[in-house]
Structures are given as C-alpha cells and as structure tokens.
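I have placed the structure first, in the form of structure tokens, so that the comments after it can refer back to it.
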Amino acid sequence: MTIINYKDLIEIRTASDCCVIVYVDDTTIGLELANIVIEILTRALLANRPPWLCEYIPSYTSLLIEFSLYEVDHFAVNALLKQLINEADGEINHCVCEKSAVTTQLSCDQISDTNPNNQGALSTAKRIHRIPVCYQLDSLQTDLAKVAKDKNISEDMVVNLHCANVYRVFATGFMPGFAYLGELPVELCQPRLSKPRLKVPKGAVAIADRQTAIYPDESPGGWHIIGYTPLELLFNTTDVNSIESGHIEALLKPGDYVEFYPVTESQYINWVYS
Amino acid sequence: MATGLSSRFTDLGRVGHKHKGFTQSGALDTNSHMLANAIMRVPANNPTIEVLLGGFKALATQDTEIAVTGAQASILIDDVSQPLNHKIVWKKDAMLQIMQPMLGARNYIACNKRFKTRLFLDSCCAVTREKTGGMNFDGKGFQVADMLDYETGISLSTASTNASINVRLTQGAPDNRLIVHKTLTTMPVPATNLATVYVVRIVLGYQQALFDHKMHARFFNQRFTVSNEASNMGIRLTGESIGQIAVKLYSEGIANGAIQITPSGLPIIMLAERQTIGGYPKIGSIITTDLPKLGQCRPGSIIQFEECDVLTARQEWLLRQMRMSTFAQNQQSRNDNNE
C-alpha cells in the first residue's frame, strides 16, 4: 500500500488581489475524498474565523477565500492557510483512512426524515437528508421515460437506481439552495440536454453526467428531470425579518448526504398543500 | 447576459452569503457610488440610484438635494443643465433628467437623506437572475410611476425610467453636449476616469499556468472590444481568440473581476452579479481598484489588459480608499464652514 501524504495534494493559488483559492488534487484520491478534505479545511478555517475573512466558497475540490485588503495581504493569508493545513493534517489522514468507516458510521448516525413540519429545526448534527420524490407526476414535465429508453432500462429501474445511492453534496451554487449531488450510478449517467429548458419547475429532481440535483425554484436548466420533491430547499425566504438579518438557510449544505425515496402522487400533493 | 436599460437602488452589495449561493450584487462603479454619497455627506454604503445609459426622468414632490456622479451625461433640472459631481438643488415639482451619456455607462444619484429601501441580506440590491431583493423582493428595478420615498416621508416619483435608447436619443439629442463646470474646490475629485480605451490591470491566478506563453502574449498584446453581452453579471469581450486549453475543471468559486476564457478563446469578465461558482478556466482577475472602470464600459468600449502583482494591487486599493475618505472628510468640513 502506498502511503500518500495528503498535505502534498493541497495547493494554494492566487485568485485575485483579495482572494486565494485552495485546491486538493483528486487524481489519486478521488472526488469524494478530495471534497472531504475541502470540508475539513473549511471547518478549520471557520473554527477560529479570522477577522479578515469576508467570504468563503467551498466547491468540489477547491475553497475560495476572500479577505479584507484593509486587514491583511496575501502573505498573511497564505501563512495562516499553511498553518491550518498542517494542523488539519492529522484529521485529514484519519478521515481518509477511516473513509469507509466514516460512511458506515454516517448511515447509522442520525438519519432523519426531512419533513416539512420540522424543517426549521435542522441541526448541524443531521448529516443525512431523506428526500421524498414523486417520480410519477402527470401534471409536470418529466424526462423519466426518455431516460429509461436511452439507458435501455425500465422506468422502475431508473427510480430504484436513483434511490439506491447515498449522495454527497459536493458544492452549492448556480442559484441559492442548489446543491450538486454525486455521484450518480454509471447506469444513469448521460450528458445534459442538447437544448436547455427555459423553465424548469420548482422542486424538479434532475440528473446529468454523474450528478443529481434539485431545483429550489423555477429556473432555466439543462438537466434531465426525473421527478419532483415537495420539499422547500430554502428557509425563511418569505419572512421579512429573517431576510433582513440574513438568516436564510439552505437545506442542503456542502458535506451533507442525501438519500431519495419515492412517494406517490397523492402523497406529493398532500405534502405540497399541507 | 443581456444589456437592459434600467434604474434601481444599489449599494456596496451583500457580504458573507456567497457560500449559500447568493451573489454579491452591488454598484458596478463602486467609486462613483461612494463619491456621490461623500458629496452628500452620507455614509458610503447608503443606497444610491444606479442609472444605466441615461433615460431617467423623475419628478420631486418635495425640495431636496442630490449629487449625480459617474458617466459624462447631461443632467437637467427643468431643462437647466446641472454639474456632475456636485451637490445640486432639486426643487419641488421640478423634473430631473439624466440624458444618454457621452462617455461611460452608469450614473449614480445620491440624496441628502436616506432613501427608503427594503433590505435583502442587508443590501437594497435587486438581482434579476435570482428574483431576490429590490423594492418588491422580486429582483426588479424601478418601474414607470414608482414612488421612491425617503425614510423621512418626503417622496419623489420616477416619471419614466425605461425609455429605449432610440427614443432617448431623439428626445435628448439637442441637450447631449458635454458640460464642463469649474471645480469649486482645489482638491481633485476622486471620480472614476472615463475613457474609450480602458487599461485594466490584472493579477494572474487560478489556472494561469495552463495558458502557454503564446496565449499570455495574445491576451496582453491585443485590445478587446466589449460586446453587446455586457451586464452587471459580466462582460463578454470580442477580439482575436487567444486559443483553447483542453481541460475539464470542476466548478469553483469565482472572484470579483475574474477573467474566464471560454472554449472559443475569448475572455468573459465576471462582475458583481456573477454566479458564485463556475467551471471555465480563468487566467486571473482584475484588481479591485480597476473594477469601477468596468462599470463605465459599454458595448464598443475597448479594453486592454496589463499585468500587476498582488502587492501593487493592494497598495493601489489602499491609496484609492484613502483618497476617497480624505475627500469625504474635506467635503464634510467645507460644508460645515459654509453653513
């Protein structure tokens, strides 16, 4: 067994005059491990949040950090990040070695039904979201039949495959509350639509390449729609006080895990109107 | 991306919400925005009105004072021309017009009182793409006949905001001459320099090592033209392709002013309303000090890139901030003496 020094896979680069970006090379360790390293570094950065930190954007294999030009320069930021990486080295190695153990532990950890009545009470400890999806909804557009045909499997098989995996949130972005989940079983992998839809309805569960995602709101989009979830992916967007104080939370955060389960059309409708 | 004519409230944008996928937003020419507020002796982050390519008309329902900064445009109050970058008096029932700019693209209007706005994530900015923020939280700018209120209860109404360029040109043609006013102070006004050719400095970064020396040379040794696809999200440039790099990247965080190179080998400059993450390769980013210039670019403007190191970039920015705050303090004491 080759011993990998994970520190050597991490690189800090300039992004702009007030941003640096930390990359983790995923070629030897794979996307999921690289993303776990990003999560550890993000957590380490926020644990003792430096006063100069303006923004941070974790993504698949990178972490963008924006700092205040008033407070620090590149040298100070680089020095702190190097220190963080050194300090996190133990945790990274531990996580990476225990990766399989971590996944097992997670699945028996606090799995909770994400139900609309207790959405607000989402705690950081809950790392797996079980998300209901209606795969047979006649009233809204879907590509389920087309996906089944293209992949030469039954529609039920598409649903089973989609529900069989536990997906990791690799990144959020594109629009508020939009989470990139992966990796999709290879049996379902196919390129994006050649012509994107101008309007993908809110709640659409879609797949493209080796990813799956939920559209938190109506939006243009080029992914294949296979179902709809009745869940709200953003909280408090209608509560003026929360918005003004900035307390908008996305259901899915980087590093969370997601599982889908099928619901019937009547369950879906009850959920939407409850 | 599309260029639309718009006017709407703006400020310095949202801070600390990008990890949730919310864009930054805010004034594109932050320098003119802050200058307008400095002239009116109000805090730098007070809301101003951002007017894109003129065509703004509004009626005051109370006496008020304003300052207009930014693009070189004729400013008229009841057909009497008014100076740019100065405090001007706007009487009740008088019509304010901001005409099609001769140079530059955006004007900023600040008032002596705080406009009444609604805050979304602590910013008054409307973001069309997200359908968030703005007066109705729907991401839209001003509509004809909107009433803009001061927090004190005084109000003015926008008579017309969405005139098309063509209509505006015929309407405004006779008044399109440039007005040069004597500066009232010996201190230079820290206004955004307007030009037809903008030299913008960039720090190399991101995937810059993947671009070979020929591509670097093509990038720095040509003048790019701003295309019609220019908005607060970003500016797509046209010119000679710098070449392609065959690399598939995972989406990553996009810095303000980051320069993406598209598969066709042409740059897109990412600005205030950019999406938070994206997967095109980037050669570097425009320095913070030079970003306001992009707010004054319009289709046809010429852009020339110049390399800069991070330390110079930071010094330039600190100097600009110092110049602005000194101006604001001076303005404060000068006004105190006059009153």
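The values are calculated or read from the model by the stated rules, or taken from the named source; none is laboratory data. Fair warning: this is a prediction, and the values are worked out from it, not measured in the lab. Cβ: placed from backbone, ideal geometry, glycine included. Neighbour counts: every protein chain shown.
Looking at (1) within 14 Å of chain A (Cβ to nearest Cβ); (2) under 22 Å from A:Ile57 (Cα atoms), which is the one condition that is false for B:Leu28?
(1)
Would you mind telling me which numbered condition in (1) surrounded by 13 or more Cβ atoms within 10 Å (Cβ to Cβ); (2) on the phi > 0 side of the Ramachandran plot B:Gln304 fails?
Every condition holds for B:Gln304 apart from (2).
Give all pairs with beta carbons closer than 6 Å in which a residue from region B:91-105 that is farther than 28 Å from B:Tyr198 by Cβ meets a residue that is of a type in the set (A, V, I, L, M, F, W, C); count only pairs at least 6 apart in sequence or on separate chains.
Sorted first by the residue in region B:91-105, then by its partner, the pairs are B:Lys92/B:Ala60; B:Ala94/B:Ala60; B:Ala94/B:Ile77; B:Met95/B:Leu59; B:Leu96/B:Ala58; B:Leu96/B:Ile77; B:Leu96/B:Trp90.
Condition first: part of a strand (DSSP E or B) and more than 10 Å from chain A (Cβ to nearest Cβ). Now tell me which residues in region B:239-269 satisfy that. Steps first, please.
Of region B:239-269, the ones part of a strand (DSSP E or B) are B:252-253, B:258-261, B:267-269.
Selection gives B:Gln260, B:Ile261, B:Pro267, B:Ile268, B:Ile269.
Given B:Ile259, B:Ile277, B:Ile287, B:Ile254, which one is modelled with pLDDT under 95 and not assigned by TED's automatic domain parsing to the domain that holds B:Thr128? Let's see the steps before the verdict.
Values: B:Ile259 fails: modelled with pLDDT under 95; B:Ile287 fails: modelled with pLDDT under 95; B:Ile254 fails: modelled with pLDDT under 95.
It is B:Ile277.
Six or more apart or on different chains, Cβ under 8 Å: which pairs go from a residue in region A:47-74 that's at the interface with chain B (Cβ under 7 Å from one of its Cβ atoms) and within 22 Å of B:Leu249 (Cα to Cα) to one that's loosely packed, with under 15 Cβ neighbours inside 10 Å and of a type outside the set (Phe, Trp, Tyr)? Could you list them?
Correct list of pairs: A:Tyr56/A:Leu46; A:Thr61/A:Asp25.
What is the residue count in region A:1-21 for residues that are facing chain B (nearest Cβ under 10 Å) and either under 21 Å from the mean Cα position of the chain (by Cα) or among the basic types (Lys, Arg) (or both)?
Residues of region A:1-21 facing chain B (nearest Cβ under 10 Å): A:13-21.
Among the residues that remain, those that are also either under 21 Å from the mean Cα position of the chain (by Cα) or among the basic types (Lys, Arg) (or both) are: A:13, A:21.
Total satisfying the criteria: 2.
Can you go through B:Arg129, B:Arg177 and tell me which one is among the charged types (D, E, K, R), at pLDDT below 65 and assigned to a loop (DSSP other than H, G, I, E, B)?
On the way: B:Arg129 fails: at pLDDT below 65.
It is B:Arg177.
With the checklist (1) within 14 Å of another protein chain (Cβ to nearest Cβ); (2) under 29 Å from A:Ala179 (Cβ atoms) in hand, flag the one item B:Gln208 doesn't pass.
(2)
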